[in-house]
1. Report ³J(HN,Hα) in whole Hz for each residue of segment 153-169, in order, from the Karplus equation J = 6.51 cos²θ - 1.76 cosθ + 1.60 where θ = phi - 60°; Gly and Pro get x.
2. Enumerate the amide H contacts of Val157 below 5 Å, restricted to partners 5 or more residues apart or on another chain; note that Pro and chain-start residues carry no placed amide H.
3. Rank Leu147, Leu120, Leu188 by mean-square fluctuation in a GNM of the chain with C-alpha springs under 10 angstrom and give only the top-ranked residue.
4. What percent does the relative contact order of segment 53-201 come to when contacts are Cα pairs within less than 8 Å and at least six residues apart?
5. For the residues Glu124, Glu38, what sequence is obtained by ranking on other C-beta atoms within 10 Å, fewest first?
6. Where in the chain is the longest stretch that carries no chymotrypsin sites (Phe, Trp or Tyr not before Pro) classed as loop by DSSP and with at most 11 other Cβ atoms within 10 Å?
7. Which three lengths, in whole Å and largest first, does the chain cover when its Cα atoms are put on their principal axes?
8. For Lys131, go through the aspartates and glutamates and keep the ones whose alpha-carbon is under 12 Å away, minus same-chain ones fewer than eight residues off.
Amino acid sequence: MRNIEALLFTVTRGVASRGRLLLYRSFGMKMGTHNRVEGGGRVRRCSQVELGSYNAFTEGAWLWPNDVDYDGIRIRIGNGNYFNRNLMIDACGLIEIGDQNMFGPDVYITDSNHQFGPGLAPNEQPMDIGKVKIGNRCWIGAKAVILRDVELSDGCVVGAGSVVTRSVSAGTIVAGVPARPIARFTVLPLGVESAARAERP
């Protein structure tokens, strides 16, 4: 009985995911194949989002381009990424994510921030708009925050609860508020690691 219940639950969620993806595509989202998007989140300005293939978004993913007309792409996501619960990607400029990355629950990524100072309410302050770039095979821990003008090079690890305010070189582990390097390791280019693994006896 439990196996039947699990199968029905999986099939139902798969059908719902396909329905969401068809809806997003009909509103102009550019996407590859074999993606999965669970419920509980939202996508705004679908035509400003580009999604590769084999990406998985669990419950509560918010893809949130700036709510103004724009002919280009503000959120670009590659292939084979896994996004855990309650992700938010908040893009006024450009946020690019490469391939085969893993994101823990409650991760927040933004490419902009409000200015602040006397005389105006926070919602009336102008925005500082930049960009964020995340390379390949990075691992972003739960509740991490990645801020404007940060570039995470390939193979980075961001500790849970960290606030990343500066760019991070390849193969670096960062943690803390603000995030600081705590260790480094060698990163092989995409494809090299898989080939080396295949050659092992």
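Read-outs: derived from the displayed coordinates by stated rules, not from any lab. If you're wondering where the values come from, they're calculated on a predicted model, not measured in any experiment. Here the Cβ is made from the backbone with ideal geometry for all residues, glycine too, and neighbour counts use every protein chain on show.
1. Going residue by residue, I get 6, 4, x, 6, 10, 10, x, 4, x, 6, 10, 9, 10, 10, 5, 10, 6 Hz, with x marking Gly and Pro.
2. HN-HN under 5 Å from Val157: Trp139, Thr172, Ile173, Val174.
3. Maximum fluctuation in the GNM of the chain, among the listed residues, is at Leu120.
4. For segment 53-201, the relative contact order is 15 percent.
5. Details: Glu124 8, Glu38 18.
If I rank by nearby Cβ atoms, fewest first, I get Glu124, Glu38.
6. 1-115
7. So the three principal-axis extents are 63, 44, 34 Å.
8. Within the straight-line cut-off, Lys131 pairs with Asp90, Glu96, Asp111, Asp149, Glu151.
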